[in-house]
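Just below is one structure, and these are the notes that go with it.
Just so it is clear, none of the values below were taken in a lab; they were calculated from the coordinates. Keep in mind that this is a model prediction, so the values were computed, not measured. Heads up, the Cβs are rebuilt from the backbone with ideal geometry, glycines too, and the neighbour counts pull from every protein chain shown.
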Amino acid sequence: MVEVTAIVKTLERPHSLQRLIRSIRRYYPQLPILVGDDSLQAAPPLGAEYLRLPRDCGASAGRNRLLERIETPYFLQLDDDFCFTGETRIELLAQIVARDSADLAAGSVINCKRKMGLFCKRQRVDFQGTMTIHQRHLRITRGYHDLRDDFGLCDIVPQFFVARRDAVLAMGGWDEDLKTQEHEEFFVRAQRHGLRVAHTDTVAVEHWQTRPRRYARFRNRSFLPLAAEKMGIDAWTHLDGQRRDFRAA
């Protein structure tokens, strides 16, 4: 596999983070993992390099510090509540980027929830789409601009991707004013900078969302109005067809 470092920004979810690292080590024992932690108390995990971040610096600042720290030409973006399975074939994402077909290649996310003991509900989330902005209205539509043999080209994908480190740094990385809810602004800026975004449904990662009380206290803050201002929009219609107007926010 080409040179890739996994980066994980974590906040107040040490158990989820350790589960993720164990799952990575099962399938990729040699993959470098760099964890950035801005929790109230430091909790270095086993099996990964640890970077202590300023408390509550936010997802965007944390990811930028991780990008500055790594030395490989490519990085794998992961959330701390993901979990690898046999479908999480990182080498396929890396190959798309390495052969210069895209600057950023993503897989799919499968939301998982345990029901009634051992039963698990799994639902694949289609988050890949195209974006247009007209008269300060951002429209995000499911689908692709173009389909290739093993992937599709689009504008926005889940937060599970392999990307060129230099390409993301050149667009400014993540906006550090947005501690959370930075996703759409990141990909609008990537589009404006001409980054080629790809998605393949042959690669997937599980998502086991948990919301501990201290995590929820930080995560529930709203940065969407600020994100809308930075994108230069007054409203958006998202993948689910729901419209949100920011002028009244």
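Descriptive notes on the structure:
- Relative contact order for segment 1-68: 35 percent, from Cα pairs under 8 Å spaced at least 6 residues apart, divided by residue count.
- Taking label positions 7 Å along the Cα-Cβ direction at both N111 and V125, the computed distance is 0.7 nm, reported to one decimal.
- Value of relative contact order over the chain, rounded to a whole percent, pairs C-alpha under 8 Å and six or more apart: 23
- Calculated Rg/Rh (Cα atoms, Kirkwood Rh) (choose from (i) 1.02; (ii) 1.07; (iii) 0.94), label: (iii)
- Ordering of 5-11, 218-224, 161-167 by burial proxy (mean other Cβ atoms within 10 Å per residue, highest first): 5-11, 161-167, 218-224
- For segment 1-137, the relative contact order works out to 26 percent when only alpha carbon pairs closer than 8 Å and six or more residues apart are counted.
- The alpha carbon convex hull volume per residue for segment 6-127 rounds to 128 Å³.
- Each of the peptides 104-114, 24-34 was scored by the mean count of other Cβ atoms within 10 Å over its residues; in descending order, highest first, they stand as 104-114, 24-34.
- Gained length - A235 relative to I133, 0.36 nm times residue gap less alpha-carbon distance: 35.8 nm
- Taking a ≥ b ≥ c as the square roots of the Cα gyration tensor eigenvalues, segment 76-162 comes out oblate, since a/c reaches at least 1.5 and a/b does not exceed b/c.
- Positive contributions from Lys and Arg (+1) and negative ones from Asp and Glu (-1), summed over other residues with Cβ under 14 Å from the Cβ of D245, come out at +3.
- Total formal charge among the other residues, if their Cβ is under 14 angstrom from that of F127, Lys/Arg +1 and Asp/Glu -1: -4
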